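Report on the structure given below.
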Amino acid sequence: MTEKEKMLAGLVYKSFDEELSGERIKAKKLVHELNKLEPDEYEKRRELFLLLLGKTDGDFWIETPFRCDYGYNISIGKNFYANFNCTILDCAPIVIGDNVMFAPNVGLFAAGHPVHHEPRNAGIEYGKPITIGNNVWLCAGVIVNPGVEIGADTVIASGSVVTKNIPGGVVAGGNPCRVLRSITGEDKNYFFRREPIET
């Protein structure tokens, strides 16, 4: 198997072989071009993101600066929004559902390294997929670790470090992230600290 095949299979691999290094450079060039665009260059921005990302579905908006490793392992659903400083290490598939929102400084990190220093120093690493369900909101500064799945209709509180799967329909937070409460139908009547939504 090539190092890329190992990477995509979720096995340990060495990322500094010629093929993977070349693919990261290609992505970095696209990301560099994206991040230096003028704010009103909407069409060029969309064109570059379509070249970079593996799959898109309908409208999306990703604020710059943005960073990723490869781009082709990132799939986003309809109506996706990512605020400033989103970083996605996509050495494994990153699947993001419909109507997902990322606040500033969100990081999805599919990449990992062995705990023991000898294989780590030898350049061994791995990637495990991350899945974000529909209607999820990741608040500011959320970090999602390798192999995590976040269920639909969930909110992850600011500054959380998500190390394990989180079910759907909950508010979760903390380091490590844990379920704080369920989201109920009553929640649609309120916003910040239970202030009523009056339209």
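Among the residues of region 130-143, those that are assigned to a loop (DSSP other than H, G, I, E, B) and within 13 Å of residue 108 (Cα to Cα) comprise 139, 140, 141, 142. Could you tell me whether any residue of region 113-123 is out of contact with any Cys (no Cβ under 8 Å at 6 or more places or on another chain) and assigned to a strand (DSSP E or B)? No: region 113-123 contains no residue that is out of contact with any Cys (no Cβ under 8 Å at 6 or more places or on another chain) and assigned to a strand (DSSP E or B). Reported count of residues in region 161-199, each being in contact with a Pro (Cβ under 8 Å, 6 or more places away or on another chain) and under 30 Å from residue 11 (Cβ atoms), is 4. Taken as a whole, the condition of being crowded, with 17+ Cβ neighbours inside 10 Å, assigned to a loop (DSSP other than H, G, I, E, B), over 10 Å from the mean Cα position of the chain (by Cα) and of a type outside the set (S, T, N, Q) applies to residue 146.
Considering only residues in region 89-105 that are farther than 15 Å from residue 147 by Cβ and buried (at least 23 other Cβ atoms within 10 Å of the Cβ), the one that is farthest from the chain's Cα centre (by Cα) turns out to be 100.
Considering every residue within region 78-101, establish whether at least one is modelled with pLDDT of 95 or more, touching a Pro at 6+ places or on another chain (Cβ under 8 Å) and of a type in the set (D, E, K, R). No, that holds for no residue.
The values are calculated or read from the model by the stated rules, or taken from the named source; none is laboratory data. All values reported here derive from a predicted model rather than from experimental measurement. For neighbour counting, all protein chains shown are included, and Cβ atoms are generated from backbone atoms with ideal geometry for every residue, glycine included.
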